[in-house]
Amino acid sequence: MAIERTFIAIKPDGVQRGLVGEILGRFERKGFKLIALKQLTLSQELAEQHYGVHRERPFFSDLVKFITSGPVVAMVWEGDGVIAGARRLIGATNPLEAEPGTIRGDLAVNIGRNVIHGSDGDETAQFEISLWFKSSEINDWIPSDQGWRKE
Ligand code: DAT
Ligand code: MG
C-alpha cells in the first residue's frame, strides 16, 4: 500500500456525546499518524461544499442543518492505506448495519447521527483536505517510534 492522507471529522453528535477521545484513540492505536487537528463550527457554505455530492438527495437539508448545528473536530490522518483503512474503522453508513468493533457499529444507532465522517476515496480525500485545511495547518512529522511501525 502507498502512504496516503485522509480527511476525518467527528460530527456534532460525537462532540456533544463526549466521544472525541474515544474516536481519536482508535485511530492512534491502529497506528495511523495524526497530521492536522482543529475544532470548528461549520458555515452553511462550507457544509454545502463538503456535502456537495449529496445536493440532490432528500436528506441534504437535514444533513447540512445537522453538520452546522455545533462544533466538529476535523482531522487529517496519514498512513499506509489510510483512506480505506479509516473507512473500515468507521464502519457502514447506517450504524445499525455497521459491524460491532467499528466506530459506528459500537457507538451509534441512527444514520442521521453516525458520529463521524471519513473520505471515501483518493480524489475525495484530496478535495476534502484542501477544503477544510490550509497547507500551513498540516504537519509533516516523523514519529519517534517509526522503526517499530515499519514504513
Ligand atoms: P458516509 O458518511 O458513510 O460516507 P454518505 O457519503 O453516503 O455516507 O452520506 C453522507 C452522510 O449523509 C451520512 O454519513 C449520513 C447521511 N445519510 C446518508 N444516507 C442517508 C439516508 N438515507 N438518510 C438520512 N441520512 C443519510
Ligand atoms: Mg461519504
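Just to be sure before I move on: is Arg149 touching a residue at least 60 places away in the same chain (Cβ under 8 Å) and touching a Gly at 6+ places or on another chain (Cβ under 7 Å) in the structure I sent?
Answer is yes for this residue.
Quick check on Pro12: is it out of contact with any Asp or Glu (no Cβ under 9 Å at 6 or more places or on another chain), free of Cβ contacts under 8 Å to residues at least 12 places away in the same chain and within 14 Å of ligand 1 (Cβ to nearest atom)?
Here the answer is no, as Pro12 does not meet what is asked.
Exactly one of these conditions fails for Asp106: (1) in a strand (DSSP E or B); (2) touching a Pro at 6+ places or on another chain (Cβ under 9 Å). Give me its number.
(1) is the only condition that Asp106 fails.
Whether any residue in the range 135-150 is within 14 Å of ligand 1 (Cβ to nearest atom), closer than 20 Å to Arg26 by Cα and either at pLDDT 95 or above or small (Gly, Ala, Ser) (or both) is what I want to check.
no
Restricting the search to the range 22-76, which residues are among the β-branched types (Val, Ile, Thr) and in contact with a strand residue (DSSP E or B) (Cβ under 9 Å, 6 or more places away or on another chain)?
Ile23, Ile35, Thr41, Ile67, Val72, Val73, Val76
For every residue, the table says whether it meets (1) closer than 29 Å to Ile3 by Cβ; (2) in contact with a helix residue (DSSP H, G or I) (Cβ under 8 Å, 6 or more places away or on another chain); (3) not polar (S, T, N, Q).
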{"site": "Lys38", "(1), (2), (3)": "yes, yes, yes"}
{"site": "Leu46", "(1), (2), (3)": "yes, yes, yes"}
{"site": "Phe60", "(1), (2), (3)": "no, yes, yes"}
{"site": "Val72", "(1), (2), (3)": "yes, yes, yes"}
{"site": "Gly81", "(1), (2), (3)": "yes, no, yes"}
{"site": "Ala84", "(1), (2), (3)": "yes, no, yes"}
{"site": "Thr102", "(1), (2), (3)": "yes, yes, no"}
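Can you name the condition, by its number, that Leu107 falls short on among (1) over 21 Å from Glu137 (Cβ atoms); (2) open to solvent by 10 Å² or more (accessible area, probe 1.4 Å); (3) within 16 Å of ligand 2 (Cβ to nearest atom)?
It fails just one condition, (3).
Among the residues of the range 1-31, what is the count of those that are out of contact with any Lys or Arg (no Cβ under 8 Å at 6 or more places or on another chain) and open to solvent by 20 Å² or more (accessible area, probe 1.4 Å)?
18
Please identify the pairs in which a residue from the range 113-128 that is within 19 Å of Val64 (Cα to Cα) has its Cβ atom under 9 Å from the Cβ atom of a residue that is in a strand (DSSP E or B) and near ligand 2 (Cβ under 9 Å from one of its atoms), counting only partners at least 6 apart or on another chain.
Glu128/His117
Scan the range 69-86 residue by residue and report those that are buried (at least 18 other Cβ atoms within 10 Å of the Cβ) and under 13 Å from the mean Cα position of the chain (by Cα).
Within the range 69-86, Val72, Val73, Ala74, Met75, Val76, Trp77, Glu78, Val82, Ile83, Gly85, Ala86 qualify.
Filter the range 36-68 for residues that are in a loop (DSSP other than H, G, I, E, B) and within 11 Å of ligand 1 (Cβ to nearest atom); which is surrounded by the fewest Cβ atoms within 10 Å (Cβ to Cβ)?
Here the residue is Pro58.
Could you identify the single residue in Pro143, Pro95 that is in a loop (DSSP other than H, G, I, E, B), more than 16 Å from ligand 2 (Cβ to nearest atom) and open to solvent by less than 100 Å² (accessible area, probe 1.4 Å)?
Criteria check complete, one pass: Pro143.
The values are calculated or read from the model by the stated rules, or taken from the named source; none is laboratory data. Keep in mind that this is a model prediction, so the values were computed, not measured. Reconstructed Cβ throughout: ideal geometry from the backbone, glycine too, with neighbour counts over all protein chains shown. These area figures cover heavy atoms from the full protein model, side chains too; ligands, DNA and RNA do not enter into them. Shrake-Rupley method; radii C 1.70, N 1.55, O 1.52, S 1.80 Å.
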